[in-house]
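A quick write-up on the structure given underneath.
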Amino acid sequence: MDYLDQLEAEAIAILREVAGQFEKPALLFSGGKDSITLVRLAEKAFRPGKFPFPLVHVDTGHNFPEVIEFRDKLVEKIGEKLIIGHVQDAIDSGKVIEQKGKNASRNALQTVTLLETIEKNQFDACIGGARRDEEKARAKERIFSVRDEFGQWDPKRQRPELWNTFNGKIHKGENVRVFPISNWTELDVWNYIKRENIEIPSIYYSHEREVIERNGVLMAAHEFLNMDADDIVQTKSVRFRTVGDMTCTAAVESVKTEIDDIILEISQSKISERGARMDDKVSEAAMEDRKKGGYF
Amino acid sequence: MDILKFLTAGSVDDGKSTLIGRLLYDTGSVLADQLEAIQKSNRKNDDGTVDLAILTDGLKAEREQGITIDVAYKYFQTEKRKFIIADTPGHIQYTRNMVTGASNADLAIILIDARKGVIEQTIRHSYLVSLLALEHVVVCVNKMDMVDYSEEVFDKIHADYHTLATKLNIKEVTFIPVSALRGDNIVFNSEAMPWYKGKNLLEHLETVPVHEIDSLLPARMAVQWVVRPQTDALHDYRGYAGRVLSGAFKLGDVVKVYPSGTSSKISKLETFDGDLQIAEEGKSITLHLEGEIDISRGDMIGEIERAPIVASQIEADICWMDTRELDTSATYFIQHQSKVTRCKIKEVLYKVNINTLEKVNADTFGLNDIGRVEIKTADELAFDPYEINKRNGGAIIIDSRTNVTVGALMLRAAL
Ligand SMILES: Nc1nc2c(ncn2[C@@H]2O[C@H](COP(=O)(O)OP(=O)(O)O)[C@@H](O)[C@H]2O)c(=O)[nH]1
Ligand SMILES: [Mg+2]
């Protein structure tokens with residue numbers, strides 16, 4: 001079997017296990033290419049039936065407008081339910097405090113809203129689009145990853161995971177994060193999007209945008225980004241390799257507008273996808289620490 | 001292009017992580033920012049070059065202790081194949097993590113330190129590889145640079161391991177002399193070992209055949225989910241969603257549902273991308289049957305001719321994976337494919353000393369113990385003997401108090 005068929009079949013089987021094993025699953029939808037891929041895989045797993053779970057979006061309030069627009073159109077097209085958790089609500093109620101300073105980002109605040117949304121809706125499984133090739137702590141995580149009541153991942157106490165047999169048994173209050181595309185690489189996702197003709201937000205393709213250069217990467221110049229006199233705004237042809245909060249997602253210079261060119265560019269690129277994210281640059285264990293705290 | 005999944009096994013410091021790092025590095029799979037990150041790290045080789053092992057040791061505790069604790073998955077591809085590597089810990093304490101990594105692998109690379117030869121750990125790792133029935137084994141005799149690239153040393157290890165493989169019934173073994181540190185015979189042929197005429201490691205990995213026997217196995221599919229749209233237009237629609245575990249289903253085939261034994265004809269093999277005439281091993285499909293039959297998640301659809309074993313008294317090999325000992329009076333859950341039922345592990349037949357391969361008497365199992373048991377399940381399971389069809393022969397034991405996976409089972413026979 002072709003490798004994309006193999007990866008697809010595995011992901012579909014994982015999604016069906018979620019449906020079979022859990023009472024109240026949810027699909028965490030960020031609007032990025034990985035979660036869009038998950039939506040296609042869910043169609044493949046459950047059509048002509050409905051999805052046995054809603055889509056859940058944690059909205060930082062600092063999302064790219066193109067992505068929000070895309071999200072709403074997609075949800076309408078597939079006719080599934082969308083639940084939105086707003087980080088702004090947590091800020092307004094004083095549960096979290098907005099970061100200050102130049103590199104302030106709401107990325108870290110998402111965790112609180114995510115955990116609250118899980119608790120409020122009593123989700124027992126959350127499907128996410130994380131891949132093991134993204135980052136070395138993720139490379140260690142199981143496909144069914146049990147989180148305690150506080151959403152914490154304990155890397156030293158992971159359950160053995162054998163063959164394609166996934167143990168989703170949990171106690172009340174715990175939940176499981178499920179990663180159906182664990183074994184896909186960034187390139188696999190792009191090749192799949194191409195093969196399946198999947199629509200993705202326009203910001204993945206090259207476009208002219210006002211950017212500033214900071215800490216060696218390009219950031220979208222936008223009201224959400226704290227800027228000062230040192231920041232020089234310039235217009236460049238860029239595209240984004242990942243879609244997150246506008247304040248922590250860096251752009252890469254690119255004039256590529258066709259998916260084939262993008263695939264070529266990625267396969268030749270000398271920087272990894274997560275290298276384009278400020279949030280992982282903080283320390284070698286940045287992702288591991290965030291995961292232990294309940295992050296995706 | 002297809003996928004090869006492999007794991008690396010060897011004891012601590014044999015060079016597993018270095019070997020994987022070398023494969024990634026020499027195939028150009030390490031990106032600039034990752035390289036920058038490891039160069040910044042203070043873990044260095046004695047000669048000051050970067051320690052490639054850092055590429056795989058992903059947890060803080062691992063970097064601190066300089067050992068691998070849990071499986072790390074790594075990905076790379078060449079023009080011929082996509083590779084999924086499970087870098088597994090060598091330490092006996094983490095045997096269960098090695099079993100996790102091995103359960104999905106097609107091939108095992110067993111590392112042997114050229115200076116040490118076949119040691120107890122080699123026996124243990126090879127035993128696990130044979131227990132989990134991996135298709136292929138490659139023995140990499142590593143650190144050849146430390147034995148002057150000596151052919152005699154290699155030949156001696158070759159002969160010793162051959163004896164072990166025969167004893168363990170491992171059929172296909174390939175031997176390659178390497179230096180992971182210097183890159184000899186990993187991606188590039190070694191100039192220091194002109195006496196070695198075989199393929200280098202990457203060439204071997206790119207060309208070894210996988211999943212060859214699978215098409216000959218009997219057709220099996222565990223029902224994971226019943227698709228029932230219950231809309232006006234699709235009022236009577238009932239599709240059985242699952243993955244073809246082994247063999248192939250053809251449109252019009254008469255199949256049986258196990259354990260109930262009801263038979264019916266396949267009326268449709270549906271996928272989102274259109275209906276199929278034939279659905280082969282590995283494919284996720286929605287299968288339709290003629291007539292109204294009672295089928296739910298946990299049922300097994302299979303061939304009539306070559307039926308699975310349907311039983312509730314089962315003999316199996318078990319690898320115990322919990323710090324709490326096996327309790328022969330307790331009720332556990334057993335999960336076999338999509339079926340979960342209660343069970344008791346009624347009797348321990350023997351335990352295997354995995355360092356010497358001797359069978360010894362035992363009453364119970366502790367962490368990482370392996371041996372043979374008798375199980376009684378509440379509901380019948382429809383399985384194949386693991387050694388014949390591992391895609392339908394494995395199961396897990398779950399502790400009903402902690403919900404943790406405590407055992408891996410290789411089902412062997414009905415009692
Ligand atoms: N001389 C030499 N040293 C090696 C070789 N392969 C690994 N090493 C060293 O052996 C040590 C342990 O290697 P590592 O990859 O961490 O082993 P692991 O515990 O099996 O993952 C490190 O210091 C490596 O640099 C080799 O081929 N030759
Ligand atoms: Mg290691």
Against the 2.2 N^0.38 Å rule of thumb, the C-alpha Rg of region A:164-230 sits at a ratio of 1.81
With a Förster distance of 30 angstrom and the Cβ-Cβ distance between A:Glu196 and A:Lys24, calculated FRET efficiency to the nearest 0.05 equals 0.60
Out of A:Met1, A:Gly168, A:Thr117 - ranked by how far each Cα lies towards the positive end of the dipole of chain A, with unit charges on the beta-carbon of charged residues - the top one is A:Gly168
Extension length gain for B:His235 and B:Glu305 (0.36 nm per residue less Cα distance), in nm, is 21.9 nm
Computed over region B:309-414, protein heavy atoms only, probe 1.4 angstrom, the accessible area per residue in square angstrom equals 36
Note: B:323-335 gets an average of partner chain Cβ contacts (10 Å, Cβ to Cβ) equal to 1
Per DSSP, the loop-located GluC sites (Glu not before Pro) within region B:264-335 having at most 10 other beta carbons within 10 Å are B:Glu292, B:Glu305
Once B:Gln93 and B:Lys80 are pulled to full extension, the length gained, defined as 0.36 nm per residue separation minus their Cα-Cα distance, is 1.1 nm
To the nearest 20 debye, chain A has a Cα-centred charge dipole, built from +1 on Lys and Arg Cβ and -1 on Asp and Glu Cβ, of 840
Test assert for region A:9-40: residues whose accessible surface shrinks by at least 30 Å² between chain alone and all chains, 1.4 Å probe, equal A:Ala9, A:Glu10, A:Ala13, A:Arg16, A:Glu17, A:Gly20
Rounded to whole angstrom, the alpha-carbon centroid of region B:108-133 lies from that of region A:161-176 at a distance of 31
Correct semi-axes for region A:221-262, from √(5λ) of the alpha-carbon gyration tensor and rounded to whole Å with the largest first, are 23, 13, 6
Rounded to 0.05, the calculated FRET efficiency for the beta carbons of B:Asn169 and B:Asn355 at R₀ = 22 Å is 0.80
Quick calc, region B:130-192, dipole around Cα centre from Cβ unit charges on Lys, Arg (+) and Asp, Glu (-), nearest 20 debye, gives 300
Restricting to lysines and to Cα separations under 16 Å from B:Lys256, and discarding same-chain partners fewer than 8 apart, the set is B:Lys265, B:Lys268
Per residue convex hull volume, Cα only, chain B, in Å³ is 168
Nearest-0.05 FRET efficiency for B:Leu415 and B:Asp273 at R0 = 30 Å, using Cβ-Cβ distance, is 0.10
Expressed as a whole-number percentage, the relative contact order of chain B with C-alpha contacts under 8 angstrom and at least six residues apart is 12
The summed charge of the A:Ile118 Cβ neighbourhood (under 11 Å; Lys/Arg +1, Asp/Glu -1) stands at -1
On protein heavy atoms with a 1.4 Å probe, the accessible surface that disappears when B meets A, both sides summed and given to 100 Å², is 5600
By the Kirkwood definition, with r running over pairs of different Cα atoms, chain A has a hydrodynamic radius in Å of 19.7
Longest principal axis of chain B (C-alpha) makes with the long axis of helix B:16-26 (C-alpha) an angle, in degrees to the nearest 10, of 80
Expected unfolding gain across B:Met146-B:Ser263 under the 0.36 nm per residue rule, minus the alpha-carbon gap, is 35.8 nm
Between the modelled labels at B:Thr402 and A:Asp261 (7 Å from Cα along Cα→Cβ) the distance in nm is 5.6
The alpha-carbon center of region B:260-296 and that of region B:312-378 are separated, in whole Å, by 34
The helix B:120-131 Cα axis meets the longest alpha-carbon principal axis of chain B at an angle in degrees, between 0 and 90 and rounded to 10, of 30
Placing +1 on each Lys and Arg Cβ and -1 on each Asp and Glu Cβ in chain A, then taking the dipole about the Cα centre, the residue among A:Ala221, A:His207, A:Pro48 whose Cα reaches farthest towards the positive end is A:Pro48
Treating only Lys and Arg (+1) and Asp and Glu (-1) as charged, each at its beta carbon, one finds that the protein assembly as shown has a dipole about its Cα centre, in Debye to the nearest 20, of 1240
Bridge orientation stat for the protein assembly as shown from DSSP, antiparallel percent rounded to 5, came to 75
To the nearest Å², the heavy-atom accessible area per residue of region B:220-303 with 1.4 Å probe amounts to 45
Of every hundred units of 1.4 Å-probe accessible area on the protein assembly as shown, the number belonging to carbon and sulfur atoms, as a percent, is 47
Summing +1 per Lys or Arg and -1 per Asp or Glu among the other residues with Cβ less than 14 Å from B:Ser400's Cβ gives +2
Contact-by-burial set, region A:139-177, min loss 40 Å², accessible area of protein heavy atoms with 1.4 Å probe, reference chain alone, gives A:Ala139, A:Lys140, A:Arg142, A:Lys156, A:Arg159, A:Pro160, A:Leu162, A:Trp163, A:Thr165, A:Asn167, A:Lys169, A:His171
For region B:177-240, listing GluC sites (Glu not before Pro) in a DSSP loop whose Cβ sees at most 14 other Cβ atoms within 10 Å gives B:Glu191, B:Glu212
Between the residues B:Thr402, B:Pro229, B:Ile176, the Cα farthest towards the positive end of the dipole of the protein assembly as shown, that dipole coming from +1 and -1 charges on the beta-carbon of Lys, Arg, Asp and Glu, is from B:Thr402
Taking N as the number of residues in region B:220-303, the ratio of its alpha carbon radius of gyration to 2.2 N^0.38 Å works out to 0.99
Of the DSSP H helices in chain A, the ones reaching 30 Å or more along their long axis in Cα terms and averaging at least -1.0 in Kyte-Doolittle hydropathy are none
Compactness check, the protein assembly as shown: C-alpha Rg relative to the 2.2 N^0.38 Å globular estimate gives 0.97
Helix-only [θ] at 222 nm, chain B, -39500 (n - 2.57) per DSSP H run of 4+, per residue, nearest 500, equals -5000 deg cm²/dmol
Ignoring GluC sites (Glu not before Pro) buried by more than 11 other Cβ within 10 Å or outside DSSP loops, the longest site-free run in chain A is A:24-222
So the angle from the long Cα axis of helix B:151-168 to the longest Cα principal axis of chain B, reported in degrees to the nearest 10, equals 20
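The values are calculated or read from the model by the stated rules, or taken from the named source; none is laboratory data. From a predicted model like this one, the values you see are computed outputs, not experimental measurements. Every residue, glycine among them, receives a Cβ derived from its backbone with ideal geometry; neighbour counts consider all protein chains shown. Ligands, DNA and RNA are excluded from the accessible area calculation, which covers all protein heavy atoms including side chains. Shrake-Rupley method; radii C 1.70, N 1.55, O 1.52, S 1.80 Å.
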